[in-house]
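A.B. asks: I have a structure I would like to understand better, so I am pasting it below and will then ask my questions one at a time.
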Amino acid sequence: MSFADLVIKNGPVITMDAKRRIADAVAVKDGAIMVVGSEPEVKRLIGPDTEVIDLVGRALTPGLVNTHDHMLEQGISSAFVADIRYPKARSIRDIQVIMEERVREASPGQWVLGHAWDETLLEERRFPTRYDLDPFSPENPVYIKRVFQMGVANTKALEIAGITKYTHDPEFGTIERNEGGEPTGLLRGKAATLVTDAIEWTLDDREKAIRQACIDYHSAGFTTLIEPGVLEDKIEAYRSSHAKGELTIRTLIQVGFLRSLDEAKWAVEKYSVGGDDTLRIIGLKMMVDGGVGPRTALFYEGYKDRSDVHGVQMIEQEELNEMVHLGHVNGFQVAIHAIGDKAIDVAVAAYEHAQRRAPRPEPRHQIVHCYFPSEDALTKIEELGVMVNTQTPFLYFLGDSFLEALGPERCEECMPVKTMAGRGIPVGISHDATVTQPLPNVGLYATVARRTINGADLGTAEAVTVEEALRFYTVPAALHTFMEDKVGSIEVGKYADLAVWNFNPLDVEPERLLDWECQMTFVGGRRVFARE
Ligand SMILES: [Zn+2]
(Lines give C-alpha, C1' and ligand atoms only; values in the text may rest on other atoms or scores of the structure.)
Protein backbone atom coordinates (compact mmCIF):
# COMPACT_ATOMS: atom_id res chain seq x y z
CA MET A 1 0.00 0.00 0.00
CA SER A 2 1.36 3.38 -0.87
CA PHE A 3 1.28 6.34 1.50
CA ALA A 4 0.57 9.96 0.76
CA ASP A 5 3.32 12.59 0.53
CA LEU A 6 1.09 15.17 2.17
CA VAL A 7 -2.14 15.03 4.16
CA ILE A 8 -4.16 18.10 5.05
CA LYS A 9 -6.88 17.24 7.54
CA ASN A 10 -9.44 18.52 9.99
CA GLY A 11 -11.15 20.62 7.28
CA PRO A 12 -13.38 22.26 5.97
CA VAL A 13 -12.01 21.36 2.54
CA ILE A 14 -14.02 23.47 0.09
CA THR A 15 -13.63 21.27 -2.98
CA MET A 16 -15.59 23.33 -5.57
CA ASP A 17 -16.45 20.07 -7.33
CA ALA A 18 -19.71 19.72 -9.26
CA LYS A 19 -21.53 18.60 -6.10
CA ARG A 20 -20.07 21.55 -4.19
CA ARG A 21 -18.86 19.08 -1.60
CA ILE A 22 -17.19 20.14 1.65
CA ALA A 23 -14.77 17.37 2.68
CA ASP A 24 -12.71 16.89 5.85
CA ALA A 25 -9.31 15.98 4.47
CA VAL A 26 -7.10 15.63 1.39
CA ALA A 27 -4.22 13.31 0.56
CA VAL A 28 -1.59 14.27 -2.01
CA LYS A 29 0.78 11.98 -3.90
CA ASP A 30 3.29 12.89 -6.62
CA GLY A 31 1.93 16.39 -6.92
CA ALA A 32 -1.66 15.31 -7.53
CA ILE A 33 -4.77 14.86 -5.40
CA MET A 34 -4.89 11.19 -4.29
CA VAL A 35 -7.97 11.17 -2.07
CA VAL A 36 -10.54 13.75 -0.99
CA GLY A 37 -12.85 12.63 1.75
CA SER A 38 -13.50 11.97 5.41
CA GLU A 39 -10.90 11.89 8.17
CA PRO A 40 -10.76 8.02 8.34
CA GLU A 41 -10.48 7.65 4.56
CA VAL A 42 -7.40 9.85 4.50
CA LYS A 43 -5.91 8.81 7.84
CA ARG A 44 -4.91 5.36 6.60
CA LEU A 45 -2.72 7.01 3.96
CA ILE A 46 -0.48 8.64 6.57
CA GLY A 47 2.86 6.81 6.54
CA PRO A 48 6.17 7.48 8.32
CA ASP A 49 7.24 10.07 5.71
CA THR A 50 3.90 11.77 5.18
CA GLU A 51 3.76 15.44 6.06
CA VAL A 52 0.55 16.15 7.99
CA ILE A 53 -1.02 19.58 8.24
CA ASP A 54 -3.83 20.07 10.72
CA LEU A 55 -6.18 22.83 9.63
CA VAL A 56 -7.67 23.27 13.13
CA GLY A 57 -10.57 25.38 11.99
CA ARG A 58 -8.85 26.98 9.04
CA ALA A 59 -10.15 26.29 5.54
CA LEU A 60 -8.65 24.68 2.44
CA THR A 61 -9.64 25.76 -1.07
CA PRO A 62 -8.33 25.02 -4.53
CA GLY A 63 -5.44 27.30 -5.46
CA LEU A 64 -7.13 30.35 -6.92
CA VAL A 65 -7.21 30.98 -10.66
CA ASN A 66 -6.76 34.57 -11.78
CA THR A 67 -8.16 35.36 -15.23
CA HIS A 68 -6.49 38.73 -15.84
CA ASP A 69 -3.63 40.24 -13.89
CA HIS A 70 -0.59 41.97 -15.32
CA MET A 71 1.72 39.81 -13.27
CA LEU A 72 5.03 41.08 -14.63
CA GLU A 73 3.93 44.66 -14.06
CA GLN A 74 2.81 43.67 -10.57
CA GLY A 75 6.26 42.21 -9.96
CA ILE A 76 7.97 45.32 -11.34
CA SER A 77 5.85 47.57 -9.18
CA SER A 78 6.30 45.40 -6.14
CA ALA A 79 10.07 45.14 -6.63
CA PHE A 80 10.82 48.60 -8.03
CA VAL A 81 7.88 51.00 -7.68
CA ALA A 82 6.70 52.94 -4.64
CA ASP A 83 3.15 52.22 -3.56
CA ILE A 84 1.21 55.49 -3.50
CA ARG A 85 -2.21 53.89 -3.71
CA TYR A 86 -4.92 55.03 -1.36
CA PRO A 87 -4.80 54.62 1.66
CA LYS A 88 -0.97 54.54 1.62
CA ALA A 89 -1.13 58.07 0.23
CA ARG A 90 -4.17 60.08 1.22
CA SER A 91 -2.92 63.40 -0.14
CA ILE A 92 -0.48 64.91 -2.62
CA ARG A 93 1.64 65.75 0.42
CA ASP A 94 1.81 62.01 1.27
CA ILE A 95 2.84 61.25 -2.32
CA GLN A 96 5.64 63.81 -2.03
CA VAL A 97 6.95 62.29 1.19
CA ILE A 98 6.98 58.73 -0.23
CA MET A 99 8.55 59.72 -3.55
CA GLU A 100 11.17 61.95 -1.94
CA GLU A 101 12.37 59.02 0.15
CA ARG A 102 12.67 56.84 -2.97
CA VAL A 103 14.63 59.56 -4.75
CA ARG A 104 17.03 59.74 -1.81
CA GLU A 105 17.66 55.97 -2.07
CA ALA A 106 18.16 56.04 -5.88
CA SER A 107 21.38 56.74 -7.73
CA PRO A 108 21.47 59.96 -9.80
CA GLY A 109 19.68 59.56 -13.09
CA GLN A 110 17.84 56.37 -12.06
CA TRP A 111 14.09 56.25 -12.73
CA VAL A 112 11.96 56.59 -9.63
CA LEU A 113 8.41 55.40 -10.03
CA GLY A 114 5.22 55.48 -8.05
CA HIS A 115 1.71 54.16 -8.55
CA ALA A 116 -1.27 54.39 -8.44
CA TRP A 117 -2.99 57.54 -7.21
CA ASP A 118 -6.62 58.48 -7.78
CA GLU A 119 -7.39 62.19 -7.44
CA THR A 120 -10.94 61.46 -6.29
CA LEU A 121 -9.45 59.88 -3.16
CA LEU A 122 -6.79 62.56 -2.55
CA GLU A 123 -7.39 65.21 0.10
CA GLU A 124 -6.60 68.07 -2.31
CA ARG A 125 -9.04 66.64 -4.88
CA ARG A 126 -6.82 67.77 -7.76
CA PHE A 127 -4.31 66.22 -10.12
CA PRO A 128 -0.68 66.35 -9.02
CA THR A 129 1.69 68.19 -11.39
CA ARG A 130 5.39 68.17 -12.11
CA TYR A 131 5.72 71.18 -9.82
CA ASP A 132 4.76 68.93 -6.91
CA LEU A 133 7.63 66.57 -7.80
CA ASP A 134 10.43 68.83 -9.04
CA PRO A 135 11.56 70.32 -5.69
CA PHE A 136 12.99 67.00 -4.47
CA SER A 137 14.01 65.44 -7.80
CA PRO A 138 16.35 67.66 -9.81
CA GLU A 139 18.56 64.73 -10.92
CA ASN A 140 16.13 61.83 -11.21
CA PRO A 141 13.31 61.22 -13.65
CA VAL A 142 10.17 60.64 -11.59
CA TYR A 143 6.89 59.28 -12.91
CA ILE A 144 3.79 58.64 -10.84
CA LYS A 145 1.03 56.65 -12.47
CA ARG A 146 -2.66 57.19 -11.89
CA VAL A 147 -4.94 54.15 -11.52
CA PHE A 148 -5.97 54.32 -15.18
CA GLN A 149 -4.14 55.53 -18.27
CA MET A 150 -2.79 58.71 -16.83
CA GLY A 151 0.32 59.79 -15.01
CA VAL A 152 2.45 62.70 -13.92
CA ALA A 153 6.08 63.13 -14.91
CA ASN A 154 8.55 65.53 -13.34
CA THR A 155 10.64 67.88 -15.44
CA LYS A 156 13.55 65.45 -15.76
CA ALA A 157 11.27 62.66 -17.01
CA LEU A 158 9.61 65.00 -19.52
CA GLU A 159 13.10 65.94 -20.75
CA ILE A 160 14.12 62.30 -21.25
CA ALA A 161 10.85 61.56 -23.04
CA GLY A 162 11.41 64.64 -25.22
CA ILE A 163 8.15 66.32 -24.21
CA THR A 164 8.21 70.13 -24.55
CA LYS A 165 5.64 72.85 -25.13
CA TYR A 166 6.08 72.19 -28.85
CA THR A 167 5.24 68.46 -28.68
CA HIS A 168 1.92 67.63 -30.35
CA ASP A 169 -0.65 65.54 -28.51
CA PRO A 170 -0.52 61.93 -29.71
CA GLU A 171 -3.66 60.21 -30.99
CA PHE A 172 -5.88 59.22 -28.01
CA GLY A 173 -3.73 61.25 -25.65
CA THR A 174 -3.36 64.72 -24.16
CA ILE A 175 -0.32 66.51 -22.80
CA GLU A 176 -1.91 68.76 -20.19
CA ARG A 177 -0.62 72.37 -20.43
CA ASN A 178 -0.84 75.52 -18.32
CA GLU A 179 -1.89 78.95 -19.63
CA GLY A 180 1.61 79.56 -20.98
CA GLY A 181 1.43 76.32 -22.97
CA GLU A 182 4.00 74.57 -20.77
CA PRO A 183 3.31 70.88 -20.00
CA THR A 184 2.15 70.52 -16.37
CA GLY A 185 3.50 66.96 -16.24
CA LEU A 186 0.02 65.41 -16.38
CA LEU A 187 -0.22 63.00 -19.32
CA ARG A 188 -3.59 61.56 -20.31
CA GLY A 189 -4.26 58.39 -22.28
CA LYS A 190 -1.66 57.57 -24.90
CA ALA A 191 0.44 60.60 -23.94
CA ALA A 192 1.53 58.65 -20.83
CA THR A 193 3.26 56.08 -23.01
CA LEU A 194 5.66 58.79 -24.27
CA VAL A 195 7.17 58.57 -20.79
CA THR A 196 6.58 54.93 -19.91
CA ASP A 197 8.17 53.81 -23.19
CA ALA A 198 11.31 55.71 -22.21
CA ILE A 199 11.72 53.64 -19.01
CA GLU A 200 14.06 50.71 -19.54
CA TRP A 201 14.14 47.37 -17.73
CA THR A 202 16.78 44.66 -18.21
CA LEU A 203 16.21 40.90 -18.35
CA ASP A 204 17.65 40.71 -14.82
CA ASP A 205 15.15 43.31 -13.62
CA ARG A 206 12.30 41.36 -15.18
CA GLU A 207 13.41 38.03 -13.72
CA LYS A 208 13.57 39.68 -10.32
CA ALA A 209 10.08 41.08 -10.92
CA ILE A 210 8.74 37.61 -11.79
CA ARG A 211 10.25 36.13 -8.61
CA GLN A 212 8.59 38.91 -6.63
CA ALA A 213 5.28 38.45 -8.45
CA CYS A 214 5.24 34.74 -7.62
CA ILE A 215 5.57 35.66 -3.95
CA ASP A 216 2.83 38.30 -4.25
CA TYR A 217 0.37 35.93 -5.94
CA HIS A 218 1.12 32.84 -3.85
CA SER A 219 0.73 34.88 -0.67
CA ALA A 220 -2.78 35.71 -1.92
CA GLY A 221 -3.60 32.05 -2.66
CA PHE A 222 -3.20 32.20 -6.45
CA THR A 223 -1.64 29.26 -8.27
CA THR A 224 -2.76 29.88 -11.88
CA LEU A 225 -2.91 33.16 -13.74
CA ILE A 226 -3.59 34.61 -17.18
CA GLU A 227 -0.97 37.24 -18.02
CA PRO A 228 -2.62 39.54 -20.55
CA GLY A 229 -0.74 41.60 -23.04
CA VAL A 230 2.95 40.81 -22.99
CA LEU A 231 5.30 40.78 -25.95
CA GLU A 232 8.88 39.96 -26.92
CA ASP A 233 11.26 40.85 -24.04
CA LYS A 234 8.57 40.21 -21.49
CA ILE A 235 7.73 36.77 -22.89
CA GLU A 236 11.48 36.10 -22.99
CA ALA A 237 11.70 36.94 -19.29
CA TYR A 238 8.95 34.41 -18.55
CA ARG A 239 10.75 31.78 -20.59
CA SER A 240 14.07 32.31 -18.85
CA SER A 241 12.46 32.38 -15.40
CA HIS A 242 10.68 29.13 -16.22
CA ALA A 243 13.94 27.57 -17.48
CA LYS A 244 15.58 28.49 -14.15
CA GLY A 245 12.69 26.92 -12.22
CA GLU A 246 11.73 30.28 -10.76
CA LEU A 247 8.27 30.53 -12.28
CA THR A 248 6.08 28.78 -9.71
CA ILE A 249 2.65 30.06 -10.74
CA ARG A 250 1.00 28.43 -13.74
CA THR A 251 1.13 31.24 -16.27
CA LEU A 252 -1.03 31.46 -19.38
CA ILE A 253 0.01 34.18 -21.76
CA GLN A 254 -2.12 36.33 -24.01
CA VAL A 255 0.22 38.01 -26.49
CA GLY A 256 -0.27 41.74 -26.95
CA PHE A 257 -1.73 44.04 -26.70
CA LEU A 258 -2.15 44.33 -30.45
CA ARG A 259 -3.24 47.67 -31.84
CA SER A 260 -3.65 46.99 -35.55
CA LEU A 261 -4.06 44.30 -38.16
CA ASP A 262 -0.35 44.58 -38.96
CA GLU A 263 0.52 43.88 -35.34
CA ALA A 264 -1.86 40.91 -35.29
CA LYS A 265 -0.23 39.52 -38.45
CA TRP A 266 3.19 39.94 -36.84
CA ALA A 267 2.02 38.19 -33.66
CA VAL A 268 0.57 35.10 -35.35
CA GLU A 269 3.76 34.79 -37.42
CA LYS A 270 5.98 34.99 -34.37
CA TYR A 271 3.98 33.11 -31.73
CA SER A 272 1.87 30.00 -31.60
CA VAL A 273 -0.32 28.37 -29.01
CA GLY A 274 1.55 25.93 -26.80
CA GLY A 275 3.82 25.29 -23.84
CA ASP A 276 3.59 23.21 -20.70
CA ASP A 277 1.48 23.33 -17.53
CA THR A 278 3.68 26.05 -16.03
CA LEU A 279 4.05 28.39 -18.99
CA ARG A 280 1.83 28.35 -22.03
CA ILE A 281 0.82 30.82 -24.73
CA ILE A 282 -2.94 30.68 -25.18
CA GLY A 283 -4.18 33.97 -26.56
CA LEU A 284 -3.98 37.36 -28.18
CA LYS A 285 -4.95 40.54 -26.38
CA MET A 286 -6.70 43.48 -28.06
CA MET A 287 -8.44 46.59 -26.85
CA VAL A 288 -11.56 48.46 -27.97
CA ASP A 289 -12.01 51.26 -25.43
CA GLY A 290 -10.49 52.86 -22.33
CA GLY A 291 -11.67 53.24 -18.74
CA VAL A 292 -14.56 54.79 -16.80
CA GLY A 293 -12.48 57.19 -14.64
CA PRO A 294 -10.80 58.98 -17.56
CA ARG A 295 -14.14 58.97 -19.47
CA THR A 296 -12.68 56.86 -22.28
CA ALA A 297 -14.89 53.74 -21.87
CA LEU A 298 -17.17 53.69 -24.92
CA PHE A 299 -20.90 54.19 -24.29
CA TYR A 300 -23.97 54.94 -26.42
CA GLU A 301 -25.12 57.36 -23.73
CA GLY A 302 -22.83 60.17 -22.56
CA TYR A 303 -21.20 60.43 -19.16
CA LYS A 304 -23.21 61.82 -16.28
CA ASP A 305 -21.09 64.95 -15.87
CA ARG A 306 -20.18 65.29 -19.57
CA SER A 307 -23.17 64.20 -21.62
CA ASP A 308 -21.34 65.05 -24.85
CA VAL A 309 -18.53 62.60 -24.01
CA HIS A 310 -19.10 58.99 -25.06
CA GLY A 311 -15.59 57.59 -24.69
CA VAL A 312 -13.22 56.44 -27.42
CA GLN A 313 -13.16 53.56 -29.85
CA MET A 314 -9.53 52.62 -30.30
CA ILE A 315 -10.06 50.37 -33.28
CA GLU A 316 -12.67 50.27 -36.01
CA GLN A 317 -15.03 47.32 -36.34
CA GLU A 318 -13.73 46.09 -39.66
CA GLU A 319 -10.08 46.08 -38.66
CA LEU A 320 -10.93 44.40 -35.36
CA ASN A 321 -12.91 41.73 -37.22
CA GLU A 322 -9.86 40.92 -39.32
CA MET A 323 -7.58 40.84 -36.28
CA VAL A 324 -9.90 38.54 -34.36
CA HIS A 325 -10.33 36.30 -37.40
CA LEU A 326 -6.58 35.92 -37.68
CA GLY A 327 -6.22 34.86 -34.03
CA HIS A 328 -9.31 32.69 -34.27
CA VAL A 329 -8.13 30.66 -37.27
CA ASN A 330 -4.66 30.26 -35.76
CA GLY A 331 -6.04 28.60 -32.64
CA PHE A 332 -5.65 31.51 -30.24
CA GLN A 333 -8.08 32.57 -27.57
CA VAL A 334 -8.78 36.22 -28.34
CA ALA A 335 -9.22 38.55 -25.37
CA ILE A 336 -10.72 41.98 -26.02
CA HIS A 337 -10.72 44.80 -23.50
CA ALA A 338 -14.25 46.27 -23.60
CA ILE A 339 -15.88 48.23 -20.77
CA GLY A 340 -18.71 50.41 -22.12
CA ASP A 341 -21.87 48.93 -23.67
CA LYS A 342 -20.89 50.07 -27.16
CA ALA A 343 -17.37 48.66 -26.87
CA ILE A 344 -18.77 45.31 -25.71
CA ASP A 345 -21.08 45.24 -28.75
CA VAL A 346 -18.07 45.86 -31.00
CA ALA A 347 -16.12 43.01 -29.37
CA VAL A 348 -19.07 40.63 -29.54
CA ALA A 349 -19.66 41.48 -33.21
CA ALA A 350 -16.03 40.60 -33.97
CA TYR A 351 -16.41 37.21 -32.27
CA GLU A 352 -19.68 36.59 -34.09
CA HIS A 353 -18.01 37.46 -37.38
CA ALA A 354 -15.07 35.11 -36.70
CA GLN A 355 -17.30 32.22 -35.72
CA ARG A 356 -19.55 32.68 -38.75
CA ARG A 357 -16.64 32.91 -41.15
CA ALA A 358 -14.69 29.97 -39.71
CA PRO A 359 -16.63 27.94 -37.13
CA ARG A 360 -14.38 26.59 -34.41
CA PRO A 361 -15.40 24.49 -31.39
CA GLU A 362 -14.79 26.23 -28.06
CA PRO A 363 -12.38 28.99 -28.97
CA ARG A 364 -13.15 30.41 -25.50
CA HIS A 365 -12.68 33.99 -26.57
CA GLN A 366 -12.80 36.41 -23.71
CA ILE A 367 -14.25 39.80 -22.99
CA VAL A 368 -11.94 41.54 -20.60
CA HIS A 369 -13.83 43.75 -18.09
CA CYS A 370 -17.34 43.59 -19.64
CA TYR A 371 -18.73 46.11 -17.14
CA PHE A 372 -21.83 47.30 -18.98
CA PRO A 373 -23.08 44.60 -21.36
CA SER A 374 -26.47 45.15 -22.99
CA GLU A 375 -29.12 42.45 -22.85
CA ASP A 376 -28.44 41.72 -26.51
CA ALA A 377 -24.69 41.41 -25.89
CA LEU A 378 -25.30 38.95 -23.03
CA THR A 379 -27.43 36.78 -25.29
CA LYS A 380 -24.71 36.66 -27.92
CA ILE A 381 -21.96 36.10 -25.34
CA GLU A 382 -23.94 33.13 -24.09
CA GLU A 383 -24.62 31.75 -27.57
CA LEU A 384 -21.03 32.16 -28.73
CA GLY A 385 -19.56 30.59 -25.59
CA VAL A 386 -17.58 33.75 -24.89
CA MET A 387 -16.01 33.98 -21.43
CA VAL A 388 -16.10 37.07 -19.25
CA ASN A 389 -13.37 38.17 -16.95
CA THR A 390 -14.35 41.04 -14.76
CA GLN A 391 -12.93 43.00 -11.84
CA THR A 392 -15.34 43.28 -8.93
CA PRO A 393 -12.46 44.55 -6.75
CA PHE A 394 -12.80 47.77 -8.80
CA LEU A 395 -16.27 48.23 -7.31
CA TYR A 396 -14.53 48.55 -3.98
CA PHE A 397 -11.46 50.57 -4.96
CA LEU A 398 -12.79 52.60 -7.91
CA GLY A 399 -16.55 52.46 -7.29
CA ASP A 400 -16.68 56.05 -6.06
CA SER A 401 -15.17 57.34 -9.29
CA PHE A 402 -17.59 55.13 -11.27
CA LEU A 403 -20.49 56.74 -9.39
CA GLU A 404 -19.16 60.18 -10.20
CA ALA A 405 -18.80 59.35 -13.89
CA LEU A 406 -22.02 57.44 -14.45
CA GLY A 407 -24.37 57.90 -11.51
CA PRO A 408 -25.91 55.26 -9.25
CA GLU A 409 -28.42 53.77 -11.68
CA ARG A 410 -25.87 52.73 -14.27
CA CYS A 411 -23.46 51.58 -11.55
CA GLU A 412 -26.05 49.19 -10.15
CA GLU A 413 -25.85 47.32 -13.43
CA CYS A 414 -22.07 47.43 -13.57
CA MET A 415 -20.42 43.97 -13.69
CA PRO A 416 -23.63 41.92 -13.71
CA VAL A 417 -21.97 38.76 -12.44
CA LYS A 418 -25.15 37.26 -11.03
CA THR A 419 -26.97 37.61 -14.34
CA MET A 420 -24.01 36.26 -16.29
CA ALA A 421 -23.42 33.27 -14.01
CA GLY A 422 -27.17 32.58 -14.12
CA ARG A 423 -26.93 32.33 -17.89
CA GLY A 424 -24.07 29.88 -17.63
CA ILE A 425 -21.44 32.34 -18.87
CA PRO A 426 -18.07 31.39 -17.33
CA VAL A 427 -17.14 34.40 -15.20
CA GLY A 428 -13.66 34.86 -13.81
CA ILE A 429 -12.70 37.58 -11.35
CA SER A 430 -9.37 39.29 -11.36
CA HIS A 431 -7.69 42.42 -10.07
CA ASP A 432 -6.10 43.76 -13.23
CA ALA A 433 -2.97 44.47 -11.22
CA THR A 434 -1.45 46.95 -11.07
CA VAL A 435 -4.73 48.84 -11.21
CA THR A 436 -5.64 47.19 -7.91
CA GLN A 437 -3.63 44.88 -5.69
CA PRO A 438 -4.31 41.15 -6.10
CA LEU A 439 -6.34 40.73 -2.92
CA PRO A 440 -8.98 38.00 -3.16
CA ASN A 441 -10.38 39.00 0.24
CA VAL A 442 -11.41 42.30 -1.35
CA GLY A 443 -12.58 40.40 -4.42
CA LEU A 444 -14.94 38.25 -2.37
CA TYR A 445 -16.18 41.19 -0.32
CA ALA A 446 -16.82 43.40 -3.34
CA THR A 447 -18.61 40.63 -5.24
CA VAL A 448 -20.87 39.88 -2.29
CA ALA A 449 -21.39 43.34 -0.75
CA ARG A 450 -20.99 45.67 -3.76
CA ARG A 451 -19.81 48.55 -1.60
CA THR A 452 -17.04 51.04 -2.29
CA ILE A 453 -14.08 51.68 -0.04
CA ASN A 454 -15.97 54.71 1.27
CA GLY A 455 -19.07 52.65 1.95
CA ALA A 456 -21.18 53.83 -1.01
CA ASP A 457 -23.78 51.27 -2.10
CA LEU A 458 -23.70 49.94 -5.67
CA GLY A 459 -26.96 48.03 -5.36
CA THR A 460 -27.54 44.38 -4.56
CA ALA A 461 -29.29 43.20 -7.74
CA GLU A 462 -26.01 41.71 -9.00
CA ALA A 463 -24.66 40.58 -5.60
CA VAL A 464 -23.99 36.85 -5.17
CA THR A 465 -23.29 34.50 -2.26
CA VAL A 466 -19.77 34.02 -0.94
CA GLU A 467 -19.71 30.53 -2.40
CA GLU A 468 -20.60 31.84 -5.84
CA ALA A 469 -18.00 34.60 -5.54
CA LEU A 470 -15.36 32.03 -4.62
CA ARG A 471 -16.37 29.95 -7.63
CA PHE A 472 -15.44 32.88 -9.88
CA TYR A 473 -11.86 32.33 -8.69
CA THR A 474 -11.98 28.58 -9.32
CA VAL A 475 -14.07 26.41 -11.66
CA PRO A 476 -15.35 28.89 -14.27
CA ALA A 477 -12.01 30.72 -14.15
CA ALA A 478 -10.21 27.47 -14.97
CA LEU A 479 -12.26 27.25 -18.19
CA HIS A 480 -10.62 30.49 -19.32
CA THR A 481 -7.21 28.83 -18.99
CA PHE A 482 -8.10 25.62 -20.87
CA MET A 483 -6.79 23.74 -17.79
CA GLU A 484 -10.14 22.85 -16.20
CA ASP A 485 -9.25 19.15 -16.12
CA LYS A 486 -6.13 19.95 -14.04
CA VAL A 487 -6.86 22.97 -11.84
CA GLY A 488 -9.75 24.90 -10.29
CA SER A 489 -11.17 22.29 -7.90
CA ILE A 490 -9.98 19.74 -5.36
CA GLU A 491 -10.69 16.45 -7.10
CA VAL A 492 -8.81 13.19 -7.45
CA GLY A 493 -6.25 13.32 -10.26
CA LYS A 494 -6.06 17.11 -10.47
CA TYR A 495 -2.90 18.97 -9.50
CA ALA A 496 -2.52 19.50 -5.76
CA ASP A 497 -2.78 23.27 -6.18
CA LEU A 498 -4.14 24.29 -2.81
CA ALA A 499 -4.52 27.26 -0.49
CA VAL A 500 -4.97 27.31 3.30
CA TRP A 501 -6.94 30.28 4.73
CA ASN A 502 -7.26 31.73 8.22
CA PHE A 503 -11.01 30.99 8.34
CA ASN A 504 -13.86 29.51 6.36
CA PRO A 505 -15.22 32.35 4.19
CA LEU A 506 -18.55 30.54 3.74
CA ASP A 507 -19.20 30.90 7.46
CA VAL A 508 -18.84 34.61 8.12
CA GLU A 509 -20.62 37.93 7.68
CA PRO A 510 -19.59 39.82 4.52
CA GLU A 511 -17.70 42.50 6.48
CA ARG A 512 -15.36 39.87 7.90
CA LEU A 513 -14.32 38.75 4.42
CA LEU A 514 -11.93 41.70 4.33
CA ASP A 515 -9.89 39.87 7.03
CA TRP A 516 -9.70 36.65 5.00
CA GLU A 517 -6.03 35.84 4.50
CA CYS A 518 -4.02 33.10 2.83
CA GLN A 519 -1.67 31.23 5.14
CA MET A 520 -0.13 28.58 2.96
CA THR A 521 -0.06 27.78 -0.76
CA PHE A 522 0.83 24.62 -2.67
CA VAL A 523 1.48 24.18 -6.38
CA GLY A 524 1.62 20.58 -7.58
CA GLY A 525 1.90 19.47 -3.94
CA ARG A 526 4.93 21.67 -3.33
CA ARG A 527 4.70 24.38 -0.70
CA VAL A 528 5.38 27.72 -2.40
CA PHE A 529 4.24 30.03 0.37
CA ALA A 530 3.80 29.90 4.14
CA ARG A 531 2.94 32.92 6.24
CA GLU A 532 5.43 33.42 9.07
ZN1 LIG B 1 -5.61 44.66 -17.89
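A.B. asks: If I ask for residues that are in a loop (DSSP other than H, G, I, E, B) and β-branched (V, I, T), which ones from the range 41-70 would you list?
C.D. replies: Residues satisfying the conditions are I46, T50, V56, T67.
A.B. asks: On to the next question. Can you say whether V35 is surrounded by fewer than 22 Cβ atoms within 10 Å (Cβ to Cβ), under 19 Å from K486 (Cβ atoms), β-branched (V, I, T) and within 33 Å of the chain's Cα centre (by Cα), as far as the supplied structure shows?
C.D. replies: yes
A.B. asks: Still on this structure, please answer the following. Take the range 477-532 and flag every residue that is in a strand (DSSP E or B) and among the charged types (D, E, K, R). Can you show your working first?
C.D. replies: In the first step, residues of the range 477-532 are kept if they are in a strand (DSSP E or B); the result is 495, 498-501, 518-523, 526-530.
The answer is R526, R527.
A.B. asks: Looking at E362, E352 in this structure, which one is assigned to a helix (DSSP H, G or I), more than 16 Å from the ligand (Cβ to nearest atom) and either of a type in the set (D, E, K, R) or closer than 14 Å to Q254 by Cβ (or both)? Steps first, please.
C.D. replies: Details: E362 fails: assigned to a helix (DSSP H, G or I).
It is E352.
A.B. asks: For the range 166-259, which fully contained strands (runs of 3 or more DSSP E) count at least 3 residues that are in contact with a strand residue (DSSP E or B) (Cβ under 9 Å, 6 or more places away or on another chain) and more than 25 Å from L320 (Cβ to Cβ)?
C.D. replies: Values: elements: 173-177, 183-189, 222-230, 250-255.
Counting at least 3 such residues, we get 173-177, 183-189, 222-230.
A.B. asks: E41 fails exactly one of the following numbered conditions: (1) within 16 Å of the ligand (Cβ to nearest atom); (2) more than 24 Å from I215 (Cβ to Cβ). What is the number of that condition?
C.D. replies: Condition (1) is where E41 drops out.
A.B. asks: (1) surrounded by fewer than 24 Cβ atoms within 10 Å (Cβ to Cβ); (2) of a type in the set (S, T, N, Q); (3) part of a strand (DSSP E or B): which one isn't true of S272, the others all being true?
C.D. replies: Checking S272 against (1) surrounded by fewer than 24 Cβ atoms within 10 Å (Cβ to Cβ); (2) of a type in the set (S, T, N, Q); (3) part of a strand (DSSP E or B), the one that fails is (3).
A.B. asks: Within the range 429-452, restricting attention to residues that are modelled with pLDDT under 95 and either surrounded by fewer than 21 Cβ atoms within 10 Å (Cβ to Cβ) or aliphatic (A, V, I, L, M) (or both), which residue is nearest to K88 (Cα to Cα)?
C.D. replies: Only one residue fits best here, namely Q437.
A.B. asks: Just the residues that are in contact with a strand residue (DSSP E or B) (Cβ under 8 Å, 6 or more places away or on another chain) and more than 23 Å from M387 (Cβ to Cβ), please, taken from the range 313-340.
C.D. replies: Selection gives nothing.
A.B. asks: Hey, another quick one. Could you tell me whether the range 368-380 includes any residue that is in a helix (DSSP H, G or I), within 21 Å of E119 (Cβ to Cβ), in contact with a Lys or Arg (Cβ under 7 Å, 6 or more places away or on another chain) and away from the ligand (no atom under 16 Å from the Cβ)? Full working, then the answer.
C.D. replies: Start the filter on the range 368-380 by keeping residues that are in a helix (DSSP H, G or I), which leaves 375-380.
Those left that are additionally within 21 Å of E119 (Cβ to Cβ): none.
The answer is no, given that none of the residues of the range 368-380 is in a helix (DSSP H, G or I), within 21 Å of E119 (Cβ to Cβ), in contact with a Lys or Arg (Cβ under 7 Å, 6 or more places away or on another chain) and away from the ligand (no atom under 16 Å from the Cβ).
The values are calculated or read from the model by the stated rules, or taken from the named source; none is laboratory data. Note that the structure is a prediction, hence the values are computed from the model and not measured. Note that we place each Cβ from the backbone using ideal geometry, even for glycine, and neighbour counts take in every protein chain shown.
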